[in-house]
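No value in this document is a laboratory result; all are computed from the given coordinates. Computed from a predicted model, the values in this text were never measured in an experiment. Counting neighbours? That spans all protein chains shown, and the Cβs are built from the backbone with ideal geometry, glycine included.
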Amino acid sequence: MLILTCPVCGVTSEETEFHAGGEAHLTRVGPAGDEEAFGDYLFTRENPRGVHFERWRHVYGCGKWFHAARCTTTLEVFGTYSAQTTEPPQAIRDRISQKRPGWIWRDFA
Amino acid sequence: MSEPVTALGGAVFETGIATVREEPVQGMITLRGDLEDSAVRAAAIGASGAEMPDRGTITTSEDASLAWMSPDELMLLCPHGEVPERLARLQEGLGDAHALAVNVSDARALLSVVGPKARDVLAKLCPVDLSPGAFTPGMFRRTRMAQVGAAFWMPTEETFRVVCFRSQTQYVFDVLTVAAQKGSDVGIWPDPTGGG
């Protein structure tokens, strides 16, 4: 079972108190982008075995969105952090590097 | 003038490991705004008479309570008849602050679970660490109860008060009743009364 801590209200609970919101740190492609980039933005997602970054919402609690870094194979959560950021904070990346040396996720490592 | 009535007419379940009861009508005012804003804080304190609650807690004055719902939401609990007066006081205190205060008394219901095994009953339904050391009187928690949202706090060591949506009161009462069935105590925590 996935156990998450909401960084907004500090509550730790299992996944049924939250709602998954899909992949994190997507960059929107607007009218200026070409078809392929727009198609990628809409449909192409990571499907990693290992380190993954996701958006979650504390739906039964404070109602706020946040980000979570976790492992898809062990359900280990490396950390949760604010939704108001476009990339994982360095502290979270360092923690992942300690536990999963050499990890790569999209452009982050 | 119509009399306010509760959803279940004060239903009671007393034959299990804890008593489940629908409480009489309860005044509830929701206040949304920046809780760091001094005007919002002062208005909430002024209308309730209670202290400003910290994250995840509830504070109580003589006849009202203030519960922390989220970083931008408080709930003021007071006697049902006092809601219009307190709401007016709240609005006045808020002044021009960017905030919203609404009477939600009739949109919600209040139930209680009472008894030395009350923790067992709640722990079966909510993904919350309810061990005596982890959840204590004074804390306030919004969570999932079986399939619906709910919030609860402990006025005393053996009492839970549960707030849910009024339209879901029957469901919440029913799941609490099932979780409180006779002989269904889990026995994971020591009996606070010292019995077996």
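How far, in nm, would the chain grow between B:SER167 and B:HIS98 when pulled straight, counting 0.36 nm per residue and subtracting the alpha carbon separation? Let's see the in-between values first.
Working: separation 69, 0.36 × 69 = 24.84 nm, distance 2.99 nm.
Contour length minus the Cα-Cα distance gives 21.8 nm.
Given 20 °C and 1.002 mPa s, how large is the Stokes-Einstein diffusion coefficient of the stretch B:57-196 in µm²/s, with Rh as the Kirkwood radius over Cα pairs?
Numbers: Rh = 16.5 Å.
My calculation gives 130 µm²/s for D.
Using a Förster radius of 30 Å, what is the FRET efficiency between A:LYS99 and B:SER131 based on their Cβ-Cβ separation? Nearest 0.05, please. Walk me through the intermediate numbers first.
Working: r = 28 Å, r/R0 = 0.94.
Taking R0 as 30 Å, the efficiency between A:LYS99 and B:SER131 is 0.60.
For a label point 7 angstrom out from the Cα of A:GLU46 toward its Cβ, which stretches of the stretch A:66-87 have the backbone nitrogen within less than 12 Å?
Label zone hits: A:68-72, A:87.
For A:GLY21, what residues show an amide H to amide H distance below 5 Å, using hydrogens built from the backbone and excluding near sequence neighbours?
When sequence neighbours closer than 5 places are left aside, the close amide H contacts are A:ARG55, A:TRP56, A:ARG57.
What residue among A:PRO89, A:PRO48, A:PRO31 has the largest mean-square fluctuation in a Gaussian network model of chain A, using Cα springs under 10 Å?
Maximum among the listed residues: A:PRO31.
So what is the diffusion coefficient of the stretch B:1-122 in µm² per second by Stokes-Einstein at 37 °C and 0.692 mPa s, using a Kirkwood Rh over Cα pairs? Walk me through the intermediate numbers first.
Working: Rh = 15.5 Å.
Rounded to a whole number, D works out at 212 µm²/s.
Run down the lysines and flag those whose C-alpha is under 28 Å from the C-alpha of B:LYS124, throwing out any fewer than 8 positions away in its chain.
Leaving aside lysines fewer than 8 places away in the same chain, those within reach of B:LYS124 are A:LYS64, B:LYS182.
Let me spell out the model: positive unit charges on the Cβ of Lys and Arg, negative unit charges on the Cβ of Asp and Glu, origin at the Cα centre of the stretch A:3-99. What dipole size does that give, in debye rounded to 20?
Numbers: 10 positive and 13 negative charges, 74 e Å.
The calculation lands at about 360 debye.
Need one value for B:135-144: mean number of C-beta atoms belonging to other chains within 10 Å of its residues' C-beta atoms.
On the way: counts 0, 0, 0, 0, 0, 0, 4, 8, 7, 8.
Partner-chain Cβ atoms within 10 Å, mean over residues of B:135-144: 3.
Remind me, relative contact order of the stretch B:26-106 in percent, using alpha carbon pairs under 8 angstrom and six or more residues apart? Don't skip to the end; give the middle numbers.
On the way: 175 pairs, mean separation 35.3, N = 81.
Answer for the stretch B:26-106 is 44 percent.
Between B:ALA88 and B:ASP54, what is the label-to-label distance in nm when each label sits 7 Å out along the Cα-to-Cβ direction?
Distance between the two pseudo-spin positions: 3.7 nm.
Taking the alpha carbon gyration tensor of the protein assembly as shown, what are the square roots of 5 times its eigenvalues, largest first, to the nearest whole Å?
Numbers: eigenvalues 299, 142, 62 Å².
Values for the protein assembly as shown, descending: 39, 27, 18 Å.
May I ask you to compute the full-extension gain from A:PHE38 to A:MET1, defined as 0.36 nm times their residue separation minus their alpha-carbon distance, rounded to one decimal in nm?
Working: separation 37, 0.36 × 37 = 13.32 nm, distance 3.46 nm.
Extra length available between A:PHE38 and A:MET1 comes to 9.9 nm.
If we count every other residue with Cβ under 13 angstrom of A:ALA69's Cβ, Lys/Arg +1 and Asp/Glu -1, where does the sum land? Don't skip to the end; give the middle numbers.
On the way: positive: A:ARG55, A:ARG70, A:ARG93, A:ARG95, A:LYS99, A:ARG100, A:ARG106; negative: A:GLU23, A:GLU46, A:GLU54, A:GLU76, A:GLU87, A:ASP94.
Net charge around A:ALA69: +1.
Count, for each residue of A:57-63, the Cβ atoms from other chains sitting within 10 Å of its Cβ, then give me the mean as a whole number.
Working: counts 0, 3, 2, 10, 9, 9, 7.
Mean number of neighbouring Cβ atoms from other chains: 6.
Say a site is exposed when it is one of the trypsin sites (Lys or Arg not before Pro), sits in a DSSP loop, and has at most 14 other Cβ atoms within 10 Å; what is then the longest site-free stretch of chain A? Intermediate values should be presented prior to the final figure.
On the way: sites that count: A:ARG28, A:ARG45, A:ARG49, A:ARG106.
So the longest stretch without any such site is A:50-105.
Mind checking the stretch B:45-142 for GluC sites (Glu not before Pro) that DSSP puts in a loop (not H, G, I, E or B) and that have at most 11 other Cβ atoms within 10 Å?
Of the GluC sites (Glu not before Pro), the ones in loops of the stretch B:45-142 whose Cβ has at most 11 other Cβ atoms within 10 Å are B:GLU62.
Peptide B:95-102: average number of partner chain Cβ atoms within 10 Å per residue? Please report the intermediate quantities before stating the final value.
On the way: counts 0, 0, 0, 0, 0, 0, 0, 0.
Per residue, the average neighbour count from other chains is 0.
Is the C-alpha gyration tensor of chain A telling us rounded, prolate or oblate? Criteria: a/c under 1.5 is rounded; beyond that, a/b larger than b/c is prolate, otherwise oblate.
Numbers: a/c = 1.90, a/b = 1.31, b/c = 1.46.
In terms of gyration-tensor shape, oblate.
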